[in-house]
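The values are calculated or read from the model by the stated rules, or taken from the named source; none is laboratory data. Computed from a predicted structure; not experimentally measured. A quick note on method: Cβ atoms are made from the backbone with ideal geometry, for glycine too, and the neighbour counts reach across all protein chains shown.
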């Protein structure tokens, strides 16, 4: 019995991280970041607008919400597509009524199939950002570079409305290959939102230039808490309230934080859930400490500070 | 040690010991419950080698799961440590020791807070499965040297990385002079271990009220977590009046240190701290106190209750 001597090689055992993509940073040691709204907590709601192909298969893994029954899994296909027909309009109405905005991470295929949906999101004033081609095209190291490059380049072209080209990227199911950040930078994006290791932006360095890594919500998402973990609706909203309480206690107008929440129209856009979301959104928007912003606003502000040496990368 | 050609039907490390009529434990100062908190301060490698099983559920790089765990070191650790300091609770750190090299700032704060460091292997992505005895000794040596270098502390405690210990691990720990192990979940009190050389005790850890199983496997909300831990405490505290019990709170800063969970953690510490009969200890202190005061009595009681029983020896 032996694991072999190579198992005792630790090539990255050094000060700092075990890769060169970005530097280690402790949030407590980071320079304070003041938000343009003058409020301590920036509320960043991101909405995944997904399309799950009926024939998406299961390689290299099935993302949450993917097809899991025998083909044709119309049960799951249509339950997801419900979000694009019905749920998203409920979310748009609630956010508009609350005077709130959001970032929509949209699969390119949604824009191609449902241009009316893209228009509705654009007209609501939400940020339109890229979420890959569709939920059947995951980014992973099994893809060759050219195939992945094509996905990264084609998606924003499908989402461009007039002169508004997306600047934010969120990979389907937070999946990346080793090449994804570089391809995303090369395609002209300014921020990427896949790494859930921080609560404030930081810088990712790629051969094609820097990206801002935005602290997208993973745990505080309806996909995670309601769909995957089967918690109750009031447990979802109470955890958001608890996070806000913590972040308010840890922040000041001069040293801001981000409360990131991620939603899916096919989850929170259900009739029995939307009232709880309306109530929470109304409460958040009435909070004196909260400034509701989009991902591109937050990333651009942070990037400006970082370039001036006023934010810790 | 020879390699085993067959599998065991039980681990063989401990004898049967009924909860009733054991020698009475009283913790220092007449306390009835030894409470200790074990933050698992870990690093999971982005591209670990695979000897037995892959550490990541997704193809490398598993950006989602890697970055989720990394939150603990970038953000969650300090939030969690602040709450512990507020309630005068010292941590006993289940440490992937490579973290000393990667993130020495975290170890500096642990040292300042007076926390114990014990072994959780090199990385949480390097398992002990299928290691030879010499390979296991090499892990012990590395851990011992690294902890000494970065904290000046002696290595006294052992939780195998991802609890990947094998049949021979505990024998090797005893030979290497380790005081206590946490790989076994069979009791609410310290117990002696059957080892051929040296002496080893098992201290209650917990996979039952550990934040990973509760939050990631049982999918609990923070409120349910707090209620679970408080119920665990209340029962063990009551039983501790009969004979001293141990309650461990195993933590992972990437879960407990999240903004939506930290209040639940604080609620538990506030509840525990409101009880007079609690000894807030470290793993090392519990092990040493048990060895000094109760080890022999427990061994004698084991002999008595197992007289005539099937003997299980590793």
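Against the condition within 13 Å of chain B (Cβ to nearest Cβ), under 25 Å from residue B:75 (Cβ atoms) and at pLDDT 95 or above, how does residue A:228 come out, does it pass?
yes
Could you check residue B:69 against (1) more than 9 Å from chain A (Cβ to nearest Cβ); (2) touching a helix residue (DSSP H, G or I) at 6+ places or on another chain (Cβ under 7 Å) and say which number it fails?
(1)
Kindly provide the set of residues from segment A:153-197 that are touching a helix residue (DSSP H, G or I) at 6+ places or on another chain (Cβ under 8 Å) and at positive phi, ordered by number.
Those that are touching a helix residue (DSSP H, G or I) at 6+ places or on another chain (Cβ under 8 Å) and at positive phi: A:173, A:174, A:188.
Taking only pairs six or more apart or across chains, which ones have beta-carbon atoms under 6 Å, a first residue in segment A:56-79 that is without any contact (Cβ under 8 Å) to a residue 24 or more places away in the chain, and a second residue that is surrounded by 15 or more Cβ atoms within 10 Å (Cβ to Cβ) and not in a loop (DSSP other than H, G, I, E, B)?
A:67/A:76
If we scan segment A:235-242, do we find a residue that is over 18 Å from the mean Cα position of the chain (by Cα), more than 14 Å from chain B (Cβ to nearest Cβ) and either free of Cβ contacts under 8 Å to residues at least 40 places away in the same chain or more than 22 Å from residue A:194 (Cβ to Cβ) (or both)?
no
Considering each residue of segment B:32-69, count those that are in contact with a strand residue (DSSP E or B) (Cβ under 9 Å, 6 or more places away or on another chain) and surrounded by fewer than 22 Cβ atoms within 10 Å (Cβ to Cβ), and give that number.
0
Can you list the helices (runs of 4 or more DSSP H) lying wholly within segment B:104-182 that have 3 or more residues being in contact with a strand residue (DSSP E or B) (Cβ under 7 Å, 6 or more places away or on another chain)?
B:133-151
Are there helices (runs of 4 or more DSSP H) fully within segment A:108-201 with at least 1 residues that are closer than 29 Å to residue A:34 by Cβ and within 14 Å of chain B (Cβ to nearest Cβ)? List them.
A:180-186
Looking at segment A:202-214, which of its residues are under 25 Å from residue A:164 (Cβ atoms) and surrounded by fewer than 24 Cβ atoms within 10 Å (Cβ to Cβ)?
A:203, A:204, A:206, A:208, A:209, A:210
Do you know which residues across segment A:248-302 are farther than 30 Å from residue A:52 by Cα and part of a helix (DSSP H, G or I)?
Residues satisfying the conditions are A:248, A:249, A:250, A:282, A:283, A:284, A:285, A:286, A:300, A:301, A:302.
Out of A:65, A:57, I need the residue that is more than 30 Å from residue A:95 (Cβ to Cβ) and away from every other protein chain (no Cβ under 14 Å). Which one?
A:57
Go over the candidates B:12, B:29 one by one and state the one that is assigned to a helix (DSSP H, G or I) and out of contact with any strand residue (DSSP E or B) (no Cβ under 6 Å at 6 or more places or on another chain).
B:29
Suppose we filter segment A:1-47 for residues that are more than 11 Å from every other protein chain (Cβ to nearest Cβ), loosely packed, with under 13 Cβ neighbours inside 10 Å and within 23 Å of the chain's Cα centre (by Cα); how many remain?
0
Can you confirm whether segment B:92-101 contains a residue that is over 17 Å from the mean Cα position of the chain (by Cα) and facing another protein chain (nearest Cβ under 8 Å)?
The answer is yes; a qualifying residue exists.
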